[in-house]
Each structure stands twice: as C-alpha cells, then as structure tokens.
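To start, the structure itself, in structure tokens.
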Amino acid sequence: MEIKPSWKNKKVFLTGHTGFKGAWLSLWLEALGAEVTGYALKPPTKPSLYELCRLDKRINSHIADVRDAAKLRKEMLAAKPEIVIHMAAQPLVRESYRIPAETYETNVMGTVNLLEAVHACGSVRAVVNVTTDKCYENKEHLRGYKEGEPLGGYDPYSSSKACSELVTSAYRNSFFNPAEYKKHGVALATARAGNVIGGGDWAADRLIPDMIRAALKGEKVRIRNPRAIRPWQHVLEPLSGYLLLAEKLYMSGPSYGGAWNFGPVAGDAKDVEWIVKRMFGRWTETPGYVIDKGRHPHEAHYLKLNSSKARRELGWRPRWHIGEAIDRIITWTRAYAAKEDMYEVCLGQIREYTTI
C-alpha cells in the first residue's frame, strides 16, 4: 500500500483537527507536504496531542464550531481547498447519553453545514466524511458488517452518525450526483472505522486513555464490559485508508464514492479484558485492573467490520496487528512520561508505519 499522488502543496480542509484522530492526520498531511487548514473547537482534553505537537504553529488553524454554518462557509471559501476531510464530531457514546441534543446538532447538522460549504466552494474536488462502525444497525452478528447493510444506532452517538451517513447520501444524490460529475466536479464518500487506539488519546471514558491515566498515577484502572468485543486498530490504520480514499476520489472521481469500511483483520477483534491484559502484560510496572460491576449505559457487546471492499478496490490493508498497536502505545506513553519531543515521536511512528 502506497500513498502515491503527491500531496505536496495540495490544499486540504480538515475539520476536527484538534482531536485525537484529527491531530494525527494533521501531522501526517503536513509531513506529506499538504497545505492544511484545520477547523475545530479547542482541544477537547488536557493534555492534547494538538498542543503537544504544537500544531497551531504548523498548520492554518481555525478554532470554531461546525454548528456555525456561516463561519464554516467563510473559512472554507477563504482556504479554497481541493480536498475536504470531515472529522469534527461529538465522538463518545457515553457522552451522547448526557448531551443528546448537542450530539445530534454537531454530528448531523455539522455534516449538513459542511456539505453546504462544499456546495458553495468551487475549488473542492474530493470529500471524505468520517463516520463510525457504530452507524450500522447492530444485531450482534459474529460476522463483519458490509457497507450496504442497514444503518441504525441504539444510542444518540451511533444514531447521529447513521444520520450523518444518510445526509451524505442525500447530498450526493441531490447536489453531487455522479451522473453530473462533469458539471459539479465533486466526488463524495464516507469512511467507517473501528475502535481506534494510539498514543495521544486522552478522552474520558475510553479504555486505553483510562488505562494510561491510571498507570501514570500508579492506580488500578476500573474497566466495564470486560467481554465486549470491538474491532481495535491503531489510529494510523484508518487514517491511511482516508488518505488513499481521498486520493482515489481526487484522481478518479465518483467511481470511488459511497461508503467504505476500514477495520482490522478478523483476529484483532478482541474483548476488553484481552486488551487490558495484553497492555499491562507489556507494561509490567502498572498496578493492574479491577472490573467495575456497577450499572452502565447500553453499549454494543459485539461489533465487527468487513473491510474486503477497501482491500479489493483501494489496495488498503492493516499493517500493525493489535499486539503491535499496543506496543506502539506503550512506546509513545513512555516517551511522553520522559518529556520527549512528541512531534518527533509521532513522526517517527508514522515513518515506521509507512515503511513496512
């Protein structure tokens, strides 16, 4: 797998650049020589990868809300991007139970506002809307979900991302129809990834960040749903897919539109307790874990993606299996604890990933 057409001097508009995944993608795009304009709220955590890597000094950063349609349109028109990658979101299932209205406003109307801005911006040629594996109607199948299966969502977060998929499909049909590509020139796709892990994630109520916080404090981590199975993957895995997909849309147009799954190989769908034991088995100075047996909001027990379409049509494949991903997280966290230059640490891991 190679990210080929040169990204050098490509103008990229990236929403959500201050978040965990967005910061990693900003670093990668900058390393590829792209001219990145970021649009997002302030970093959602303290510390944050965005601040650790001094991204405000490296890309053109706008701190603003995707719910502000006028501001979003203004900044996109000013940036004149060729490629748009939409990652801004309220991304947490448990938080969506606490702020359901805000979750829908951000994840659904934020998508509408983004696509309205694209519609008004004549420079855009490719759009990737990043949603989630949780957009499927989850029936706890043991097999992986394919792109054409029904959308759904038990909780507000999952439902809002299914809605974002539907909004994208409606805009593709109504305003960016492939049959009229020569007229509008915009190719539009959605990307669905599994549970993403990696260094620099400090979100609340997420397994790896909870483990890291506890380990750095010398405390036992409390885990919930130890038997819940997820398609775990290092953050660089789906990001490589987004970059490949954006390239195909830019170079070849709407034949690469529609929905795409980016998930790990079947053997990397592990339960929560397996992940905890593997990580603490490698990070032996940590005090371990206890299982929180209290009541918790509903979360899916089993979720898995079928990514054969991306493998077949994009040439995308996972590079780091789950054990390797966990090793990279431990390496990253040790470097953070040692106060190393995290910008260089992140670039080092990107180079390791791309040179396999």
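The values are calculated or read from the model by the stated rules, or taken from the named source; none is laboratory data. Everything numeric in this text was worked out from a predicted model, so none of it was measured. Neighbour counts run over all protein chains shown; Cβ positions are idealised from the backbone, glycine included.
Would you check if there is a residue in region 38-54 being surrounded by fewer than 23 Cβ atoms within 10 Å (Cβ to Cβ), basic (Lys, Arg) and modelled with pLDDT of 95 or more? Looking for residues that are surrounded by fewer than 23 Cβ atoms within 10 Å (Cβ to Cβ), basic (Lys, Arg) and modelled with pLDDT of 95 or more, one finds at least one in region 38-54, hence yes. Within region 228-285, the set of residues being within 20 Å of Pro318 (Cα to Cα) and of a type in the set (Gly, Ala, Ser) comprises Ser240, Gly241, Ala246, Ala259, Gly263, Ala266, Gly267, Ala269. Filtering region 1-59 to residues that are without any contact (Cβ under 8 Å) to a residue 40 or more places away in the chain, part of a helix (DSSP H, G or I) and of a type in the set (Lys, Arg) leaves only Lys57. Would you be able to say whether some residue in region 84-99 is in a loop (DSSP other than H, G, I, E, B), over 14 Å from the mean Cα position of the chain (by Cα), basic (Lys, Arg) and at pLDDT below 95? No, region 84-99 contains no residue that is in a loop (DSSP other than H, G, I, E, B), over 14 Å from the mean Cα position of the chain (by Cα), basic (Lys, Arg) and at pLDDT below 95.
Confirm whether Tyr336 is within 16 Å of Val235 (Cβ to Cβ) and crowded, with 18+ Cβ neighbours inside 10 Å. Criteria met by Tyr336.
Leu151 fulfils the conditions (1) touching a Lys or Arg at 6+ places or on another chain (Cβ under 6 Å); (2) modelled with pLDDT of 95 or more except for a single criterion, (1). Just one of the listed residues (Glu299, Glu352) is modelled with pLDDT of 85 or more, of a type in the set (Asp, Glu) and either loosely packed, with under 13 Cβ neighbours inside 10 Å or within 21 Å of the chain's Cα centre (by Cα) (or both), and it is Glu352.
If you go through region 149-173 and keep only what is surrounded by fewer than 18 Cβ atoms within 10 Å (Cβ to Cβ) and either within 10 Å of Lys134 (Cβ to Cβ) or under 19 Å from the mean Cα position of the chain (by Cα) (or both), you end up with Gly152, Tyr154, Leu166. Applying the criterion of being out of contact with any helix residue (DSSP H, G or I) (no Cβ under 8 Å at 6 or more places or on another chain) and part of a loop (DSSP other than H, G, I, E, B) to the residues of region 178-218, the residue that is surrounded by the fewest Cβ atoms within 10 Å (Cβ to Cβ) is Gly218. Summed over region 265-296, residues that are farther than 22 Å from Ala215 by Cβ, modelled with pLDDT of 75 or more and in a loop (DSSP other than H, G, I, E, B) total 1.
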